[in-house]
Amino acid sequence: MENIDIQATKGEFFTPRVFMNAATGECELSGESYIEDTLDFYRPVVQWLEQYTAQGLQPLNFTFNLQYYNTSSSKYLLDIIKVMKKHHDAGGPVKISWFVPKDDYDMLEEVEDYVRFVGVPIDIHQV
Amino acid sequence: MTQSALSLMEKKKFSFYHHYINLSHEDVIVSYKGPFSSTIMYEMSKEIQNRLVKDLVAGKKVYSIFMELAQNIFNYSAEVNKFGIRNEGIGTIVVTESEDAYSITAGNLVSRRAVPILVDKCQLINNSDRETLRRLKFEEKNRTGAANEFSKGAGVGLIHIALTSAEPLEAEVAEINEQISFFAISVNVKKKAA
């Protein structure tokens with residue numbers, strides 16, 4: 001498996017930085033997510049995770065550090081979390097960290113709801 | 001439905017003076033009518049961010065609501081500009097500031113058949129408490145496939161707007177003809193307590 005290494009772009013649309021390390025299972029999504037073709041951007045990310053977790057019970061550490069994302073992006077963030085939940089339930093070591101901007105109580109609430117409704121632990125840090 | 005639908009609209013005399021007076025009751029942050037190109041959306045969103053740095057909590061809310069409403073127009077307006085291979089939705093958006101709140105209002109043409117779906121959605125949202133809305137938002141995001149023929153986003157946007165504003169959604173509908181109606185939605189964001 002290969003790493004995913006995409007630099008963030010800022011223009012009329014914003015795409016986040018994506019780094020996914022196939023050797024260590026360290027993954028990071030950071031920046032802002034308002035993308036012209038959201039499905040096109042996130043499909044390879046979700047597929048990478050499905051492939052990675054299919055290889056066995058390797059560790060998976062995912063860090064979300066997003067200042068803004070739109071609701072179309074949030075559907076795919078949930079898809080990412082669901083793959084990790086599956087890995088977690090299968091017995092794989094999963095760690096999810098989520099950095100929430102300190103003024104953004106709505107994002108905080110949404111991340112808390114992923115914990116409640118998906119049933120996966122997330123370390124939430126307000127920064 | 002494209003611009004041909006518009007030619008069916010009754011041509012009323014437009015008074016720029018009345019338009020100006022209508023927008024003069026509150027301080028206008030941005031006001032726009034036209035095609036929602038990504039350039040225009042970007043410039044308006046930057047203006048909102050710059051003007052609201054003094055109140056970051058409310059500022060983030062107004063920005064997030066603006067982005068969802070603008071993207072709705074861009075993606076779903078029944079009136080479109082054919083610009084190269086891309087269709088840009090046409091609509092209108094106004095962001096104003098009063099003493100204690102910001103107000104975001106967006107409107108565009110929609111298929112008349114979409115109106116009851118939108119109005120029911122707004123009523124459902126306004127009749128739900130915050131906990132119900134949080135659960136509903138999660139369920140809609142979790143759904144695979146489109147919610148209905150008019151929305152690929154499964155209506156997460158409206159729930160997000162209601163949760164972000166923490167105020168009721170106000171909807172306005174004007175019938176234009178048998179195929180097309182005008183649909184507008186307005187929502188407030190309270191300023192931080194002084």
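The values are calculated or read from the model by the stated rules, or taken from the named source; none is laboratory data. Note that the structure is a prediction, hence the values are computed from the model and not measured. Counting neighbours? That spans all protein chains shown, and the Cβs are built from the backbone with ideal geometry, glycine included.
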Quiz item: Just for the range B:54-104: of the residues that are part of a strand (DSSP E or B) and free of Cβ contacts under 8 Å to residues at least 24 places away in the same chain, which one is farthest from the other protein chains (Cβ to nearest Cβ)?
Solution: B:N87
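In the set A:K85, A:K102, which member is touching a residue at least 24 places away in the same chain (Cβ under 8 Å), exposed (fewer than 15 other Cβ atoms within 10 Å of the Cβ), in contact with a strand residue (DSSP E or B) (Cβ under 9 Å, 6 or more places away or on another chain) and of a type in the set (D, E, K, R)?
After applying the criteria, what remains is A:K102.
Please pick out the residue among A:I35, A:I4 that is modelled with pLDDT under 95 and touching a strand residue (DSSP E or B) at 6+ places or on another chain (Cβ under 6 Å).
Numbers: A:I4 fails: modelled with pLDDT under 95.
Result: A:I35 is the single residue among A:I35, A:I4 that is modelled with pLDDT under 95 and touching a strand residue (DSSP E or B) at 6+ places or on another chain (Cβ under 6 Å).
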Quiz item: In the range B:29-62, what count of residues is obtained for those that are surrounded by fewer than 19 Cβ atoms within 10 Å (Cβ to Cβ) and within 13 Å of the chain's Cα centre (by Cα)?
Solution: 3
Quiz item: Among the residues of the range A:108-125, how many are surrounded by fewer than 15 Cβ atoms within 10 Å (Cβ to Cβ) and either away from chain B (no Cβ under 14 Å) or modelled with pLDDT under 95 (or both)?
Solution: 3
Self-check item: Verdict on A:D79 being surrounded by fewer than 21 Cβ atoms within 10 Å (Cβ to Cβ), at pLDDT 95 or above and in contact with a helix residue (DSSP H, G or I) (Cβ under 7 Å, 6 or more places away or on another chain)
Solution: yes
Self-check item: Residues of the range A:54-84 satisfying the condition of being over 20 Å from A:A23 (Cα atoms), polar (S, T, N, Q) and either touching a Gly at 6+ places or on another chain (Cβ under 9 Å) or facing another protein chain (nearest Cβ under 10 Å) (or both)
Solution: A:N65, A:Q67, A:N70, A:T71, A:S72, A:S74
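Before we move on, is A:Q51 more than 14 Å from chain B (Cβ to nearest Cβ), assigned to a helix (DSSP H, G or I) and surrounded by fewer than 16 Cβ atoms within 10 Å (Cβ to Cβ)? Before you say what the answer is, go through the steps one by one.
Working: more than 14 Å from chain B (Cβ to nearest Cβ): yes; assigned to a helix (DSSP H, G or I): yes; surrounded by fewer than 16 Cβ atoms within 10 Å (Cβ to Cβ): yes.
Spelling it out, A:Q51 is indeed more than 14 Å from chain B (Cβ to nearest Cβ), assigned to a helix (DSSP H, G or I) and surrounded by fewer than 16 Cβ atoms within 10 Å (Cβ to Cβ).
For every residue, the table says whether it meets (1) touching a helix residue (DSSP H, G or I) at 6+ places or on another chain (Cβ under 7 Å); (2) modelled with pLDDT of 90 or more.
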position: B:F16; (1), (2): no, no
position: B:L23; (1), (2): no, no
position: B:D55; (1), (2): no, yes
position: B:K61; (1), (2): yes, yes
position: B:M67; (1), (2): yes, yes
position: B:Q71; (1), (2): no, yes
position: B:I90; (1), (2): no, yes
position: B:V94; (1), (2): no, yes
position: B:E99; (1), (2): no, yes
Quiz prompt | Residue among A:T24, A:T9 that alone is surrounded by 13 or more Cβ atoms within 10 Å (Cβ to Cβ) and either over 25 Å from B:G157 (Cβ atoms) or of a type in the set (V, I, T) (or both) | solution = A:T9
